[in-house]
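Colleague: Shown below is the structure under consideration.
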Amino acid sequence: MYKMKRRDALKAIGVSVMASGLLFHRCSSEKANRVVSRINLDLKDGRELWERERFEELNSYTFFDQHEKETLVELVDLILPADEHSLSASEVEVPDFIEFIVKDQPELQQPMREGLKWIDDYAKQQFQAIFVGITIGQKTHILDRIAYPEQERSELQLGISFFTLLRELTASGYFTSKAGIDYLGYVGNRPNVWEGVPTEILRQFQLTHLIT
Amino acid sequence: MAFNINGAKEKYDVIIVGSGAGGGMSGYVLAHAGLKVLMLESGPFFDPAKDSLQLRWPWESPRRGASTNRAFGDFDGAFGGWEIEGEPYTNTEDSEFRWFRSRMLGGRTNHWGRISLRFGPKDFKGGSFDGATDDWPITYDEVKPYYDKVDVLLGVYGTNEGLENDPDGIFLKPPKPRLHELMLTEEAKKKGIPVIAGRCSVLTQPLKNNSQRGICFNCGQCGRSCKAYADFSSSSALVIPAIRTGNLEVLPNSLVREVLVDGGGLAKGVSYINKEDMQEYQVYGEQVILAASACESARILLNSKSRQHPQGLANSSGVVGKYLHDSTGVSVSAYLPQLKDRKRYNEDGVGALHIYSPWWLDNSKLDFPRGYHIEYGGGMNMPSYGYLSDLPRFNGALAKVDGTVKKSGGYGRSLKEEYRSYFGTKVVLAGRGLAMARKDNYCEIDPNTVDRYGIPVLKFHYKWHDAEIKQGKHMQDTFHDLFTDMGAVITSEYVGIERNYGLKKPGEIIHEVGTVRMGDDPKTSALNKWCQAHDCRNLFVVDGAPFVQQGDKNPTWTILALSMRTSEYILEQRKKHNL
Ligand SMILES: Cc1cc2nc3c(=O)[nH]c(=O)nc-3n(C[C@H](O)[C@H](O)[C@H](O)COP(=O)(O)OP(=O)(O)OC[C@H]3O[C@@H](n4cnc5c(N)ncnc54)[C@H](O)[C@@H]3O)c2cc1C
Ligand code: SF4
């Protein structure tokens, strides 16, 4: 009985009974795949509705302006540059990842924005030009002063914390990209048969007495 | 605006609230016995085969797996989390209890660590051994047949060791240890710490008489819930098979407010909010089984006030909400420099413990009761958000191991190479131990706060005492010693007494139990030894709430065994017309 009423209730709020998929009643011969009762609370591609909505919302605006973005591109490539065998951070779209993550975790916005401003101010103070406008030698001169936190220069504290944060985000973005994972040499995330540590590795670590 | 339907014609044999470990098992047993069962679940329907994000790569998440949306990462199998929007809970000033809730079919078992330890004889009767805690009204021998049946029905791997308080089981073959696990084992053994195969509910071999569930293919991602149904999740291993009998109906997105009683004070059904239309409904059954998780079941009972049960249902003793206890936890992490530049191969293995250490010491020489077990983590895991985020703080110390002098930090090619060199070198030791059930650690209804559905919420009072804090110190010291002696670079700061030696906050180990405890005496317990309410014979509780006192063992295998035992008892009592 309550089901009829429930239908009425649904109608009252303008949801069609078919769409609501009220197939969830007793159905002795029905299979589990028919067991679905969802209106707007369903999962799509394994995600809840609010997750999908949030994703769209975060993508609906841009946080960093053009100049900030350009500065980021230079900085992340100084942190993780290309080499003979691997791409640079900007080549695997780390700046785009950082753009997303500061919207996802708004507490990162202020430190990132202030840090980018700090680095321009510091460049101007030292070399009379903003960061993207100075030479590579001048850039590394600045980084050398903020990339080693133990040095404790209080007047550079803002720069040091900014660089620490940016380095973490850059590593996060890089080593979770396809190219970054190939660079690390991670070979899992696929069906496998785990049979224990390969014998040659046990030998390398003098653990052969553990061969079973 | 409530939309109550009275006199609904359909009456179920049994109504179950919640579809996690406890509710899933009960639904499975009762539906297979032919009872007509209605299960109300506050979250969405979740079928791991379809809805799990297993085998996704980090770049398939715009946040690269960060835990902004989901507490254990963007691909994780636990919806909900430490905070749920619109469904708050509160703490008194000096209490910091944290409550993890998963709202979805299968509850927290879609994510859980699958560590499936039986409680031992001394866990049920600990008080009789050392007087530190209360005894259960039941013994290990009474529960053993159910542990055995759960092992066979759901599958658990491990090894029989003949240990007195870590009983053997009916085990599938365990996965072999990984490299770092062997190294940690060697070091632990030097210190007299035993290390044995993990005991976890993952199908490393086919399950007898069960063609629905696949075998583990070693992706290491059980936390996302297995699409092949090779790990135990209540959704895939209990609820969905129970639906297939045709006897179990599930109402997802249906949040129970209270248990309804008849004039004689017996349970007659429940009222719930349908989250799809935000209306309130009532459904009726001959028995009502609560399995909404320990704290939520206590909340439902305390909110079920009636003329017949003015203090809340099953609460004439006043113990509902009391004796809340979690496990203790301390974790210490380190880099193992000896693993630097290690050869790459696929060691994903099983997404649960390959090895662990059961509690090994003699308490007569210690300043705290009983103890903890150790869980071992690490390996060449799939990189995710936060990849080696602490490396730039420790690369100086790591270089020193190689005999070079270097400032921590850096950038550029050399840093990039370090990120690669130290891939798969990080390890963690985690202790999980006895937390004592105390009357003064409890939850109650907060008179000032309701959730978005207008239902009063819980307020927590929970503090660690001397017993837990001293045990925490022992864990932290043991882990630091072990790492130091093997030349590891420890990344966890040594925490002093001002922060309880690194003890996690109450609730953070997510083993909360004890809030509707069982006992022989109706004055000091809410349920009898069959998890049946002293005050209301057709009301049962089958999650962690009935626990009198847990040991250092994770609770879920015991929840499953007790839920099966109670469900069989219900069948028996129904036959005898005793309910
Ligand atoms: C990160 C993590 C790791 C863990 N690892 C382990 C481990 O290795 N070993 C171990 O033994 N345990 C572990 N646990 C704990 C384990 O998950 C729980 O012990 C177990 O899931 C408890 O089962 P339950 O049925 O009591 O509750 P849950 O699994 O929480 O299920 C309760 C269900 O009830 C529903 N519900 C709640 N309120 C209502 C309401 N008002 N109306 C309707 N439905 C409601 C919820 O949506 C949920 O689906 C872990 C937990 C987490 C989160
Ligand atoms: S490790 Fe095995 S059981 Fe766990 S999710 Fe992967 S395949 Fe499934």
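Colleague: Just to be sure I understand the filter: pairs with C-beta atoms under 6 Å, separated by 6 or more residues or on different chains, first member in the range A:197-212 and at the interface with chain B (Cβ under 7 Å from one of its Cβ atoms), second member of a type in the set (A, V, I, L, M, F, W, C). Which pairs pass?
Modeller: Within 6 Å, the pairs are A:197/B:179; A:207/B:182; A:210/B:182.
Colleague: Which of (1) farther than 24 Å from residue A:205 by Cα; (2) more than 16 Å from ligand 1 (Cβ to nearest atom) is the odd one out, the single condition residue B:202 does not satisfy?
Modeller: If we test residue B:202 against (1) farther than 24 Å from residue A:205 by Cα; (2) more than 16 Å from ligand 1 (Cβ to nearest atom), just (2) comes out false.
For every residue, the table says whether it meets (1) buried (at least 18 other Cβ atoms within 10 Å of the Cβ); (2) more than 16 Å from ligand 1 (Cβ to nearest atom); (3) not in a loop (DSSP other than H, G, I, E, B).
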residue	(1), (2), (3)
B:38	yes, no, yes
B:45	yes, no, no
B:50	no, yes, yes
B:67	no, no, no
B:74	yes, no, no
B:77	yes, no, no
B:85	no, no, no
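Colleague: Mind listing whichever residues of the range B:272-293 are in contact with a helix residue (DSSP H, G or I) (Cβ under 9 Å, 6 or more places away or on another chain) and not in a strand (DSSP E or B)? Full working, then the answer.
Modeller: Kept after step one, since they are in contact with a helix residue (DSSP H, G or I) (Cβ under 9 Å, 6 or more places away or on another chain), are these residues of the range B:272-293: B:274, B:276-277, B:279, B:281-283, B:286-287, B:289-293.
Answer for the range B:272-293, where residues must be in contact with a helix residue (DSSP H, G or I) (Cβ under 9 Å, 6 or more places away or on another chain) and not in a strand (DSSP E or B): B:276, B:277, B:291, B:292, B:293.
Colleague: Based on this model, can you work out whether residue B:269 counts as part of a strand (DSSP E or B) and more than 10 Å from chain A (Cβ to nearest Cβ)?
Modeller: Taking the combined requirement at face value, the residue satisfies it.
Yes/no per residue for (1) closer than 26 Å to residue B:423 by Cα; (2) within 11 Å of chain A (Cβ to nearest Cβ):
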| position | (1), (2) |
| --- | --- |
| B:171 | no, no |
| B:175 | yes, yes |
| B:183 | yes, yes |
| B:187 | yes, no |
| B:193 | no, no |
| B:199 | no, no |
| B:205 | no, no |
| B:210 | no, no |
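Residues checked against (1) among the hydroxyl-bearing types (Ser, Thr, Tyr); (2) more than 21 Å from the chain's Cα centre (by Cα); (3) more than 16 Å from ligand 2 (Cβ to nearest atom); (4) closer than 26 Å to residue B:114 by Cβ:
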| position | (1), (2), (3), (4) |
| --- | --- |
| B:486 | no, yes, yes, no |
| B:492 | yes, yes, yes, yes |
| B:506 | no, no, yes, yes |
| B:512 | no, no, yes, yes |
| B:528 | no, yes, yes, no |
| B:538 | no, yes, yes, no |
| B:541 | no, no, yes, yes |
| B:548 | no, no, yes, yes |
| B:553 | no, no, yes, yes |
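Colleague: Also, quick follow-up: Would you check which residues across the range B:449-460 are surrounded by fewer than 20 Cβ atoms within 10 Å (Cβ to Cβ) and touching a residue at least 12 places away in the same chain (Cβ under 8 Å) and list them? Give the steps one after another, and end with the answer.
Modeller: We begin by selecting, within the range B:449-460, every residue surrounded by fewer than 20 Cβ atoms within 10 Å (Cβ to Cβ); these are B:449-457.
B:449, B:451, B:452, B:453, B:455, B:456, B:457, listed by residue number.
Colleague: If I filter the range B:330-348 down to residues being of a type outside the set (A, V, I, L, M, F, W, C) and crowded, with 23+ Cβ neighbours inside 10 Å, which single residue comes out as nearest to ligand 1 (Cβ to nearest atom)?
Modeller: Initially, the range B:330-348 is screened for residues of a type outside the set (A, V, I, L, M, F, W, C), giving B:331, B:333, B:335, B:337-338, B:340-348.
Within this subset, residues satisfying the condition of being crowded, with 23+ Cβ neighbours inside 10 Å are B:335, B:347-348.
Numbers: B:335: 24, B:347: 20, B:348: 18 Å.
For the range B:330-348, the residue satisfying everything is B:348.
Colleague: Is there a residue in the range A:181-188 that is in contact with a strand residue (DSSP E or B) (Cβ under 6 Å, 6 or more places away or on another chain), aromatic (Phe, Trp, Tyr), away from ligand 1 (no atom under 16 Å from the Cβ) and within 30 Å of residue B:64 (Cα to Cα)?
Modeller: Going through the range A:181-188, the residues in contact with a strand residue (DSSP E or B) (Cβ under 6 Å, 6 or more places away or on another chain) turn out to be A:183.
Narrowing further to those that are aromatic (Phe, Trp, Tyr): A:183.
If we keep only those that are away from ligand 1 (no atom under 16 Å from the Cβ) too, we end up with A:183.
Okay, now just the ones that are also within 30 Å of residue B:64 (Cα to Cα), so A:183.
Checked against the condition, which is being in contact with a strand residue (DSSP E or B) (Cβ under 6 Å, 6 or more places away or on another chain), aromatic (Phe, Trp, Tyr), away from ligand 1 (no atom under 16 Å from the Cβ) and within 30 Å of residue B:64 (Cα to Cα), the range A:181-188 yields at least one hit.
Colleague: Here is a follow-up. Pick out the one residue from A:178, A:117, A:124 that is surrounded by fewer than 18 Cβ atoms within 10 Å (Cβ to Cβ), within 9 Å of another protein chain (Cβ to nearest Cβ) and among the basic types (Lys, Arg). Can you show your working first?
Modeller: Details: A:117 fails: within 9 Å of another protein chain (Cβ to nearest Cβ); A:124 fails: within 9 Å of another protein chain (Cβ to nearest Cβ).
A:178 is the lone residue from the list that is surrounded by fewer than 18 Cβ atoms within 10 Å (Cβ to Cβ), within 9 Å of another protein chain (Cβ to nearest Cβ) and among the basic types (Lys, Arg).
Colleague: Return the total of residues in the range B:210-266 being of a type outside the set (A, V, I, L, M) and in a loop (DSSP other than H, G, I, E, B).
Modeller: Residues of the range B:210-266 of a type outside the set (A, V, I, L, M): B:210-214, B:216-227, B:229, B:231-236, B:241, B:244-247, B:249, B:252-254, B:257-258, B:262-265.
Cutting the leftovers down to in a loop (DSSP other than H, G, I, E, B) gives us B:210-214, B:216-221, B:225-227, B:229, B:232-233, B:245-247, B:252-253, B:262-265.
Number of matching residues: 26.
Colleague: Follow-up question, since we're still on this one. Residue check, residue B:308 against (1) away from chain A (no Cβ under 14 Å); (2) assigned to a strand (DSSP E or B); (3) not acidic (Asp, Glu), all met but one. Which one?
Modeller: It is condition (2) that residue B:308 fails.
Colleague: Looking only at the range B:185-209, how many residues end up being more than 14 Å from ligand 2 (Cβ to nearest atom) and either assigned to a loop (DSSP other than H, G, I, E, B) or under 27 Å from residue B:41 (Cβ atoms) (or both)?
Modeller: Going residue by residue through the range B:185-209, those that are more than 14 Å from ligand 2 (Cβ to nearest atom) are B:185-197, B:199, B:208-209.
In the following step, the residues that additionally are either assigned to a loop (DSSP other than H, G, I, E, B) or under 27 Å from residue B:41 (Cβ atoms) (or both) were identified as B:191-195, B:199, B:208-209.
Residues meeting the conditions: 8.
Any read-out appearing in this document is the output of simple, stated calculations on the displayed coordinates, not a laboratory observation. Note that the structure is a prediction, hence the values are computed from the model and not measured. Ideal geometry is used to build each Cβ from the backbone, glycine not excepted, and the neighbour counts take in all protein chains shown.
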